[in-house]
1. Condition first: open to solvent by less than 70 Å² (accessible area, probe 1.4 Å) and more than 25 Å from Leu12 (Cα to Cα). Now tell me which residues in segment 30-50 satisfy that.
2. Looking only at segment 82-125, how many residues end up being of a type in the set (Ser, Thr, Tyr) and open to solvent by 80 Å² or more (accessible area, probe 1.4 Å)?
3. Please indicate, with yes or no, whether at least one residue in segment 89-102 is assigned to a strand (DSSP E or B) and at pLDDT 90 or above.
4. What is the one condition in (1) open to solvent by less than 60 Å² (accessible area, probe 1.4 Å); (2) at pLDDT 60 or above; (3) of a type in the set (Gly, Ala, Ser) that Ser67 does not satisfy?
5. Picking from Gln120, Gln52, Gln111, which residue would you name as being in a helix (DSSP H, G or I), at pLDDT below 90 and not aromatic (Phe, Trp, Tyr)?
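The values are calculated or read from the model by the stated rules, or taken from the named source; none is laboratory data. Quick caveat, the model's predicted, so the values are computed rather than measured. When we count neighbours, we look across all protein chains shown, and the Cβ atoms used for this are built from the backbone with ideal geometry, even at glycine. All accessible areas refer to the heavy atoms of the entire protein, side chains included, with ligands and DNA or RNA removed. Shrake-Rupley method; radii C 1.70, N 1.55, O 1.52, S 1.80 Å.
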Amino acid sequence: MGLLNSISFQRLQGGLDAATKRQSVLANNVANADTPNFKRSDVNFESFLQQQESGIKSTLNAKVTDSRHFQFGTGTIVPTAVVSTDETTSMNNNNNNVDMDREQALSAENQLRYNSYVSQLNSQITMMRTVIEGR
């Protein structure tokens, strides 16, 4: 097992991937703010990760009848980011639901989240270097 294959590194990588995808989705929302009938999208990741960490089990767990069977469908897999589109709301007369203030606030929040993930990743790498180098 490699040093960077731990579940914490995998979750941080998933968070970085989700933040990158979210930034792209938010930029697309802003770019289409005046497009008639455009519906905004968002990325769900943190809620899936929180459910997993709080012990809520997936409904797709495998049935294990023997201790030698492989365990899968349990909480050790990092969830992937899912893009969802809000089809139910409308903000403008052109049936568009993009609110520029909300998109900018979400973009700022996403930037803080991304920076937090990078900081956590750097901290863990620094700890590993300290252990390996013996300082």
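1. Val30, Asn32, Ala33, Thr35, Phe38, Lys39, Arg40
2. Going through segment 82-125 one residue at a time, the tally reaches 2.
3. No, that holds for no residue.
4. The number of the failed condition is (1).
5. Answer to the check: Gln52.
Residue-wise test of (1) at pLDDT 85 or above; (2) more than 16 Å from Arg113 (Cβ to Cβ); (3) of a type in the set (Phe, Trp, Tyr).
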| site | (1), (2), (3) |
| --- | --- |
| Gly15 | yes, no, no |
| Gln23 | yes, no, no |
| Asn28 | yes, yes, no |
| Phe48 | no, no, yes |
| Thr59 | no, yes, no |
| Pro79 | no, no, no |
